[in-house]
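A.B. asks: A single structure is presented below for examination.
The values are calculated or read from the model by the stated rules, or taken from the named source; none is laboratory data. All figures in this text were calculated on a predicted structure; none of them were measured in a lab. Positions of Cβ are generated from backbone atoms using ideal geometry, with glycine treated the same way; all protein chains shown enter the neighbour counts. Remember, those area values only see protein heavy atoms, side chains included, never the ligands or the DNA or RNA. Shrake-Rupley method; radii C 1.70, N 1.55, O 1.52, S 1.80 Å.
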Amino acid sequence: GGHTDDVGNPEANLHLSRLRAEAVRNYLINRKVPFTRIVAKGYGSTMPLVHDTTPAARAANRRVEIRILPGPAQR
């Protein structure tokens, strides 16, 4: 999941967060992780880690989070 800070236009941030998540997805696919196992989603600034009150806080909110879930055979 791609994330951004809350600076700027919400639609632009959503687009940026999608691009951020897709960049990680493409990296993993290039490293032979099956594309069917990877979903990239952008969240924009909707899920901040911290309040965007300082440059350091905004930097912390610009991120990609990876969730590893069990595969079908492991459920």
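A.B. asks: Hand me the GluC sites (Glu not before Pro) from the chain located in a DSSP loop with no more than 15 other Cβ atoms within 10 Å, in residue order please. Mind showing how you got there, number by number?
C.D. replies: Details: sites: E11, E22, E65; in loops: E65.
Filter output for the chain: E65.
A.B. asks: Which residues does a label at T53 reach in segment 3-17, if reach means a backbone N under 17 Å from a point 7 Å past the Cα toward the Cβ?
C.D. replies: Answer for segment 3-17: 6-7.
A.B. asks: Where the accessible area of the chain is counted over protein heavy atoms with a 1.4 Å probe, how much of it, in %, is carbon and sulfur?
C.D. replies: 58
A.B. asks: Roughly how many Å² is the accessible area per residue of the chain, as a whole number, for a 1.4 Å probe?
C.D. replies: On the way: 5600 Å² over 75 residues.
Result: 75 Å² per residue.
A.B. asks: Jot down the per residue volume, in cubic angstrom and as a whole number, of the convex hull over the alpha-carbon atoms of the chain. Spell out each step's value before the answer.
C.D. replies: Working: hull volume 7.4 nm³, N = 75.
Spread over its residues, the Cα hull of the chain gives 99 Å³ apiece.
A.B. asks: Considering amide H positions built from the backbone, and no H for Pro or chain starts, which residues 5 or more places from R63, or on another chain, come under 5 Å of its amide H?
C.D. replies: H3, T4
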